[in-house]
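Read the structure below first, then the notes.
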Amino acid sequence: MASKFTSHLPFGHSKSPSQSSDAETSLTTLLTADQCADLTFLIATITAAMRKLLLDTFTAEEPEIAELTSEKKAKSEEEAFKAAPSDLANVDVEKEDKLRKEKKEQDEKLRKEKKEREQDAKKELAQPEVQELKKEMLRYFDEWRGKVIIRVGEIVNSREEAKEQSPNVEESNVGQNVKSVDTGLRSIADIDDEGEDEDKVFRELYPPVGTSLTGLGKDKRALVLHSLVLIMLSLEHYSAHSRILLLQLASSLDLDLAILKKDEEAVARGLLEAADQQLNADAETKKKAEGSATSRKWKVGLASVAGAALIGVTGGLAAPLLAAGVGTVMGGLGLGATAAAGYLGTLASSSVLVGGLFGAYGAKMTGKAMDDYAREVEDFGFIPIHEHHRPRKLEKEYRRLRIAIAISGWLTAKEEVVVPWRYMSPTIEGFALRWELEALLRLGNSMDSFVKSAAWGYAKGQIIKRTVFGALSAGLWPLGLLKVSKVLDNPYSVAKVRADKAGEVLADALINKMQGERPVTLIGYSLGARLIFACLQSLADRKAFGLIESVVLLGAPTPSDTPDWRKIRSVVSGRVVNVFSTNDYILAFLYRTSSIQYGVAGLQPVLGVPGVQNVDVSELVNGHLRYRYLTGSILKKIGFEDIDVKEVEQEESEMKAVEEMERKEREKKEKKGKSEEEEAKDLEKEVDKRNEESVMSWAMDKVRLGGIWGGGKEEEKTKSKAEEMVEKEKETHPKGEEGKSTS
C-alpha cells in the first residue's frame, strides 16, 4: 500500500505536462527532464566555485599592485585628463617631475613589500598546522557538498546522475564564475551618501552563473529557489555554506535578495507553527494514551496508517500532524503540501529536529543554559535585540533561519549593550552579546571622560601634525597626555584580556549549538571586534566550519597580520570585512604598548588574504568613540544585509548632539587653565565617580530585575514561548526517546 502511494509522489523523476496536469506542484512537475539536469549542474558548478574560493584563502600570490579593472583604469585616466592643466606655458615641470618620481618610488616600495609578504606567506603556508587547517576545511566542505548533490539528485534526477554530474564541472567554467571579494583599499568617501544598493552589492559578491533556467517565468524561478531552501534544511541543519549556495543560486536565477529573505522568514514561521501544533497534539495524545491499556498498539497503528504517506520520502515514519502542518504552511508558498513536507525530509517528521534547528526554539540563547558560560566570563548572555526594542510583538515573529550576534566594545550605560544595534532589521534574528558589564562600563567612562579632557584636546592637535603610525612607532606622544594615561590604560588592559576570554567562550557556545543549526553573522566594534577575532581564532583551532556566515570588525584593536586573518577567513563562509580609520588616534594611543610590529587592523588594511574586504572610513570616523554611532551607517554604505535605514539616521543624529556636547565640555575645561597634574587628578576623580554610579545602578537593576541584566540566574515570573515549547517537548519526548520519532 505504501509503495503504491509513494509511486505517485512528485519526486525523483520529471513528469510530462500531461502527466502533471492533476499532480500537485513540485520541482519535477515544474521542470522538464533537461531543466532538472540543468539545475543539478548549476548547483554542482556553484559549489565547485565555492570550493575554489576556499582554496584561494591558502595562496601566497597577491594581485599585481598596478593591476586595475578596465572600469577603474578608465576612471583614473579620465580624472587625470580633467586634472591636466589647460595652459601648458604655466606648467611647473619640476613639480610634475617630482610628483612622478615620488609615485614611482611609492609603487616600487609597495611591490617590494608585496614580494616580502608573498615570501613570508609561502613559509607560513608550509607549516604543518596551516596544512592541517586547509585539509580539515576542505574535508568539511566536501562532505557538505556531497550531501547537497546527492539530496538534490534524489529529488530531481537520481542519486547516480547527480554524482556523475559533479566531477564534470569544467575548471574553466569554475574560473569564469569565481570572484573574490576586492581586498584592495576601498574608501567610504568613494561611495554615495545613499550607500551601496543591497542588490547591486549582492550581485557583485555573488555573480550569476549562466543557466537556461533564467528563461523560466519569475514565479517559477522563485519556486525553484523556495524548493532549494527546503532541501537545504532537509540536511537537518542550515549551514553557513548552504546560505552562501542559496545566495549564489538566487543571483544565478536573476532573483532579488529580498525574495530569498522573505522565503527564509516564511519557512521559519511555518516550521515553528507546525512544531507548536505538533507539541500541543503530542501532549494531548500522551495524556490519553497513558490512560489506555492498549496505548502501545494504538501508537503503532496511528504511525503506520497516517505516517505511511511519507515513507520513502523522509526515510522514516513521519509524525503525521507535523508533516501535514509543515506541508500546508509551505504549500502556501506555491508548492504542493506533500512535496513541501517531502523536501524537508526528516525535519518535517520531528519537533525535536525543528527545536534543534532553532536552538530549542530560541530558548537556549536566553535561558538558564547560558549559566554554564557565565561561570567562565562574568555576565555572559544574549539579549534579543528586536524584543528589547519592540517588546509587544509576538515572540515567534522574531524567529529566523539566520541570526546575528552584535557586540559592543565599551559602555557608558548598561543599555548600550543593545541600543547601538537597533538598526538591525527583523529580517534576521538579532542578539546583542552581554559580557563583562562592569569592565566595559569602567572602560567606557574612562574613554568618554578622556576625550572631553583639555589634555586630549591639546594632544590631538599635536598628534595630528604627524601620521598616526609615526606617533605609534616613534612613541611620540605629548607628555601631558601620558600623565593622564593611567585613567585609560588600566581599564583597557583589563577589558582587553576579558575580551579574549569571552571570545573563546562565544566559540564554545557556537560549537555547542546554542544558536541552533543556523548560520551566524558576527558584528562588533572596538573590543567587541577583538572578542570576535578571538572567537574566530578559537573556531579555527578547533576546526569548526560551516557556523559563521559573515563577520564585520570595526576599529579592531587586533593584529592585522596575514596568518591570523587567514585563519579567520577559513572559518567564514561569506563576507569578512575589516573597517579601519587612519584618524583613530584613541585606538593608536590605547594600542601603543602592544606588539605594533604585527600591525593594527583598526588602523590599516589587512593585506595578503584573498576574501578579506577592507573599508577605509577615515573621512567618516575621526575618533574611536564614533563607531558607537556609525556602525549602522557604515554597513549601509557597503551594502550589508538587514539594515533599518530609519534607525541609522537616528543614530547619526544622536552622534552630532554628542559631538557638540563633547566640544563644549572640553572648551569649558580648557578655560580653567589647570596644570597637567591638577587635570590628571580631576580626571581620575571624575572617572571614579562615574564608575561608582554606573556599577551601583547596574547592581541595583541586577538584584531588582534579574532577567537580561542578571545573567539569567534569577527565576523569571513568566516563561517565554520558547521555554514553554521546550518544556512540552521534554514531556512528550522524555530523555532517551528523542530520536524515536525519526528512526
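Considering the range 238-270, and only residues there that are in contact with a Gly (Cβ under 9 Å, 6 or more places away or on another chain) and at pLDDT below 90, the residue that is farthest from Arg400 (Cα to Cα) turns out to be Gly270. Any residue in the range 340-358 that is over 27 Å from the mean Cα position of the chain (by Cα), modelled with pLDDT under 60 and not basic (Lys, Arg)? Looking through the range 340-358, none of the residues is over 27 Å from the mean Cα position of the chain (by Cα), modelled with pLDDT under 60 and not basic (Lys, Arg). Here the helices (runs of 4 or more DSSP H) wholly within the range 411-500 that include at least 2 residues being out of contact with any Pro (no Cβ under 8 Å at 6 or more places or on another chain), modelled with pLDDT under 80 and not β-branched (Val, Ile, Thr) are 454-463, 468-474, 479-483.
In the condition set (1) closer than 19 Å to His241 by Cα; (2) of a type outside the set (A, V, I, L, M, F, W, C); (3) without any contact (Cβ under 8 Å) to a residue 40 or more places away in the chain, Lys567 is compliant with all but (3). Using the structure shown, decide if Glu160 is assigned to a helix (DSSP H, G or I), at pLDDT below 90 and more than 21 Å from Leu246 (Cα to Cα). The answer is yes for Glu160.
Out of curiosity, is Ser538 assigned to a loop (DSSP other than H, G, I, E, B) and more than 20 Å from Met50 (Cα to Cα)? When the stated conditions are applied, Ser538 does not pass them. In the range 109-131, the residues that are more than 14 Å from Phe58 (Cβ to Cβ) and touching a residue at least 40 places away in the same chain (Cβ under 8 Å) reach residues that are loosely packed, with under 11 Cβ neighbours inside 10 Å and small (Gly, Ala, Ser) with C-beta atoms within less than 9 angstrom, at least six apart or across chains, in these pairs: Arg111/Ala66. Taking the criterion of being without any contact (Cβ under 8 Å) to a residue 60 or more places away in the chain and part of a loop (DSSP other than H, G, I, E, B), the residues of the range 225-259 that qualify are Leu253, Asp254, Leu255, Asp256. Residues that are under 19 Å from the mean Cα position of the chain (by Cα) and among the charged types (D, E, K, R) do not occur anywhere in the range 589-603.
Working only within the range 606-656, note down all residues that are assigned to a helix (DSSP H, G or I) and within 20 Å of Arg186 (Cα to Cα). Scanning the range 606-656 gives His624, Arg626, Tyr627, Leu630, Thr631, Gly632, Ser633, Ile634, Leu635, Lys636, Lys637. Considering the range 204-234, the residues that are surrounded by fewer than 18 Cβ atoms within 10 Å (Cβ to Cβ) and under 21 Å from the mean Cα position of the chain (by Cα) include one that is modelled with the lowest pLDDT, namely Glu204. Restricting attention to the range 575-582, does a residue exist that is surrounded by fewer than 24 Cβ atoms within 10 Å (Cβ to Cβ) and touching a strand residue (DSSP E or B) at 6+ places or on another chain (Cβ under 6 Å)? Among the residues of the range 575-582, at least one is surrounded by fewer than 24 Cβ atoms within 10 Å (Cβ to Cβ) and touching a strand residue (DSSP E or B) at 6+ places or on another chain (Cβ under 6 Å), which makes the answer yes.
The values are calculated or read from the model by the stated rules, or taken from the named source; none is laboratory data. Everything quoted here is computed from the prediction, not taken from an experiment. Note: ideal-geometry Cβ built from the backbone for every residue, glycine included; neighbour counts use all protein chains shown.
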